[in-house]
Amino acid sequence: MGEMKPQVYRDPRPAEYFDQFHAAARKGVGWTYTFARIILTLPTWLLWRVRAIGVENVPKDGPLVLAPNHFSQMDHFFVGLYLRRKIRFMAKSQLFGPPVLTYIYKHGGVFPIRRGNHDEEAFETVRQLLEQEEMLLVYAEGGRSRSQQLGEPKPGIGRIALESGVPIVPVAIHGSEYARQWKRFRFPKTTVQFGEPLTFPVEDSPGRERQLEIATEVFARVREIYDGLSSSSSSPSSPH
């Protein structure tokens, strides 16, 4: 497998630097989302042979949150490939910095969360976007699993579920744990399965333990779907 860069778990940049990205995200999605989709759809579909199951489980309108597992930076594209609605992505703040990519993120529906910091601004952006009836993607594990195995859920998805009451769609991405092997010109088949939406009664100011409880419930469904894809696969996910 290709070498991964070491994880940086705390972003030292001040919160004020990221205000511009939250402001842009709250205004809407720019042209770069459509442009990136046009450029990347065909190669993503051809090279990784992505198939989708359960697309009908994703509501066609209204606020909702997609909650997938996360192995690869390609997961954003895998999830959105068969969905007509535009996705608003919560992404780690370390992605923001390189000029070209930062421009794409800023105008393409991506907003940051400062890793290693208590980032209320990110959750305020989540709140405003859901009020605008947008569809968000928030990784249930809070970041990429680097072990090629499912990780553990973080409380963030539970907090969003409890504070908003919007449908949470569990999503299993199977095969992308080997996506980095594209550097060897080996492209694993990837399957994305959307589960039935989960909803939870709204709670005011749920504690961290309660947030984690709901996050664990959501991720248990992700794990169940993922394990089903693993067992039903006729050949190993790893390319030969």
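Observations, loosely collected:
- Pair K86, H118: separation of 7 Å Cα→Cβ label points (nm): 3.4 nm
- Beta bridge orientation in the chain: antiparallel %, DSSP, nearest 5: 25 percent
- Potential lengthening of the chain between K60 and E16 amounts to 12.4 nm, from the contour at 0.36 nm per residue minus the alpha-carbon distance.
- The range 154-179-the range 38-73 distance, computed between alpha-carbon centres (Å): 13 Å
- Sequence of K154, K27 when ordered by accessible area, the most exposed leading, probe 1.4 angstrom: K27, K154
- Under 30 Å between alpha carbons - lysine pairs in the chain that sit 8 or more apart or on different chains: 27
- In order along the range 120-126, the phi-based Karplus estimate (6.51 cos²θ - 1.76 cosθ + 1.60, θ = phi - 60°) of 3J(HN,Hα) comes to 6, 5, 5, 6, 5, 5, 4 Hz; Gly and Pro are listed as x.
- Springs between Cα atoms under 10 Å define the GNM used for the chain, and in it the highest mean-square fluctuation of F187, F200, F78 occurs at F200.
- Global form of the chain, assessed from the alpha-carbon gyration tensor, a/c cut-off 1.5: rounded
- Along each principal axis, Cα extent of the range 64-196, largest first, Å: 42, 38, 30
- Put simply, when 169-177, 12-20, 221-229, 108-116 are sorted by average Cβ atoms within 10 angstrom per residue, most first, you get 169-177, 108-116, 221-229, 12-20.
- The amide H of R88, built 1.01 Å from its N in the peptide plane, has M135, L136, L137 as neighbours under 5 Å, considering only residues 5 or more places off or on other chains.
- You can think of it this way: the chain between R146 and E224 has 26.1 nm of extra reach, that is 0.36 nm per residue less the Cα-Cα gap.
- A simple spin-label model places the labels of R49 and R210 4.7 nm from each other, with each point 7 Å out along Cα-to-Cβ.
- The chain, helix-only ellipticity at 222 nm - DSSP H runs n ≥ 4, -39,500 (n - 2.57), divided by all residues, nearest 500: -11500 deg cm²/dmol
The values are calculated or read from the model by the stated rules, or taken from the named source; none is laboratory data. Since this is a predicted model, take the numbers as computed values, not measurements. All Cβ positions, even for glycine, are placed from backbone atoms using ideal geometry, and neighbour counts span all protein chains on display. For accessibility, only protein heavy atoms count, side chains too; no ligands or nucleic acids. Shrake-Rupley method; radii C 1.70, N 1.55, O 1.52, S 1.80 Å.
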